[in-house]
Ligand SMILES: [Zn+2]
């Protein structure tokens, strides 16, 4: 190989390296469209058990997932909103509707809004609330403001208009 060609190729290599850095996956990508995900949130071993998938549960005991009516298991990302399902068993083992999205190539559901159903089938927008400061929060922790205990809040509510079935 002549020196010129080698130099040329190595300069290309630099370009490729720069492009590869530029193409690194990043959360800055625009989020995919939001959707409603239906189902029940369970500890992942329990969801697998429902589908009769054998697993050593201890390796997955911290994980939670949405089990859809189509028997799809979608793991929930423990981020600012999904984390509540890991922390709070009151949100699990019950019917839910979750507004969120999945990024291409990422199996995790990124939850943005949580609706739970009570025993009577009422849909409740679900978050946490500090009665002293009157501010919402999205995971169990002492209040961001006064450091007092916050409570799980259920507010009977329809889905946002964009997610309701079209009227005939
Ligand atoms: Zn407070």
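The values are calculated or read from the model by the stated rules, or taken from the named source; none is laboratory data. Quantities reported herein were computed from a predicted structural model and do not represent experimental measurements. Please note: Cβ atoms are built from the backbone with ideal geometry, for glycine as well, and neighbour counts cover all protein chains shown.
Quick one: residue 134 ticks every box in (1) within 16 Å of the ligand (Cβ to nearest atom); (2) in contact (Cβ under 8 Å) with a residue 12 or more places away in the chain except a single one, so which number is it?
So residue 134 meets the others, but not (2).
Let me confirm something: among 115, 101, 108, 128, which residue is at pLDDT 95 or above and within 16 Å of the ligand (Cβ to nearest atom)? Working first, answer last.
On the way: 115 fails: within 16 Å of the ligand (Cβ to nearest atom); 101 fails: within 16 Å of the ligand (Cβ to nearest atom); 108 fails: within 16 Å of the ligand (Cβ to nearest atom).
Going through 115, 101, 108, 128 in turn, just one is at pLDDT 95 or above and within 16 Å of the ligand (Cβ to nearest atom): 128.
Since residue 154 meets every condition but one in (1) within 15 Å of the ligand (Cβ to nearest atom); (2) surrounded by 15 or more Cβ atoms within 10 Å (Cβ to Cβ), which condition does it not meet?
(1)
Can you list the strands (runs of 3 or more DSSP E) found entirely within region 27-75 that contain at least 3 residues being more than 12 Å from residue 93 (Cα to Cα)? Lay out the reasoning, then the answer.
Numbers: elements: 35-43, 64-67, 73-75.
So the answer is 35-43, 73-75.
All but one of (1) within 16 Å of the ligand (Cβ to nearest atom); (2) outside any loop (DSSP other than H, G, I, E, B); (3) in contact with a helix residue (DSSP H, G or I) (Cβ under 9 Å, 6 or more places away or on another chain) hold for residue 139; which doesn't?
The one condition residue 139 does not meet is (2).
Does any residue of region 66-82 turn out to be in contact with a strand residue (DSSP E or B) (Cβ under 8 Å, 6 or more places away or on another chain), within 16 Å of the ligand (Cβ to nearest atom), modelled with pLDDT of 95 or more and at negative phi?
Among the residues of region 66-82, not one is in contact with a strand residue (DSSP E or B) (Cβ under 8 Å, 6 or more places away or on another chain), within 16 Å of the ligand (Cβ to nearest atom), modelled with pLDDT of 95 or more and at negative phi, which makes the answer no.
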